[in-house]
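Reviewing the structure listed below.
The values are calculated or read from the model by the stated rules, or taken from the named source; none is laboratory data. This one's a predicted model, so the numbers in the text were calculated from it and none came from an experiment. Glycine gets a Cβ as well: all are built from the backbone with ideal geometry, and neighbour counts include every protein chain shown. Just the protein is used for accessible areas: all its heavy atoms, side chains included, with ligands, DNA and RNA removed. Shrake-Rupley method; radii C 1.70, N 1.55, O 1.52, S 1.80 Å.
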Amino acid sequence: YFVFGADDNAIHVWNKTSFTELKVLRGHEGTIRDVCFTEDSRKLISASDDGRVIVWNFLTFKYERVLTGHTSGVTSLHVHGIHTIFSGGDDGLIRLWDIRVGHESKIFFGHEAEVLSLTVIDSGTRLVS
């Protein structure tokens, strides 16, 4: 699959062999800023200017959970394992989520501007933003 978000507030899923659009996922009310899969490829995570992160079941193409907490657009995502994600926002915060329950387990402060990129290094022991 090719999966991308766009400024039409939707996520587009394309067949990478036939180059045909298979599905359009709608649920956000702002431009999609980032998308990523969990390590098992069963969940698709999307971030938007609407300040929300949506967890999609990629087998059914339906959303399972909406994660709220950012006070402005969500600009970046990083999936760590199957159930844990980090989200960074225009609010300068990084949030750690357990997507099984939609629970925010930690907020990281320190940025003076938006968080544009996130990654985990050193076998999962360090978060870089």
- Expected single match for hydroxyl-bearing (Ser, Thr, Tyr) and within 16 Å of Val115 (Cβ to Cβ) among Ser41, Ser18, Ser87 is Ser87
- Query: Among the candidates Arg33, Arg26, which residue alone is within 12 Å of the chain's Cα centre (by Cα) and among the charged types (D, E, K, R)?
  - Reply: Arg33
- Scanning segment 83-113 for residues that are of a type in the set (A, V, I, L, M) and under 13 Å from the mean Cα position of the chain (by Cα), the one farthest from Lys43 (Cα to Cα) turns out to be Ile94
- Query: open to solvent by 60 Å² or more (accessible area, probe 1.4 Å) and acidic (Asp, Glu), is that true of Asp7?
  - Reply: yes
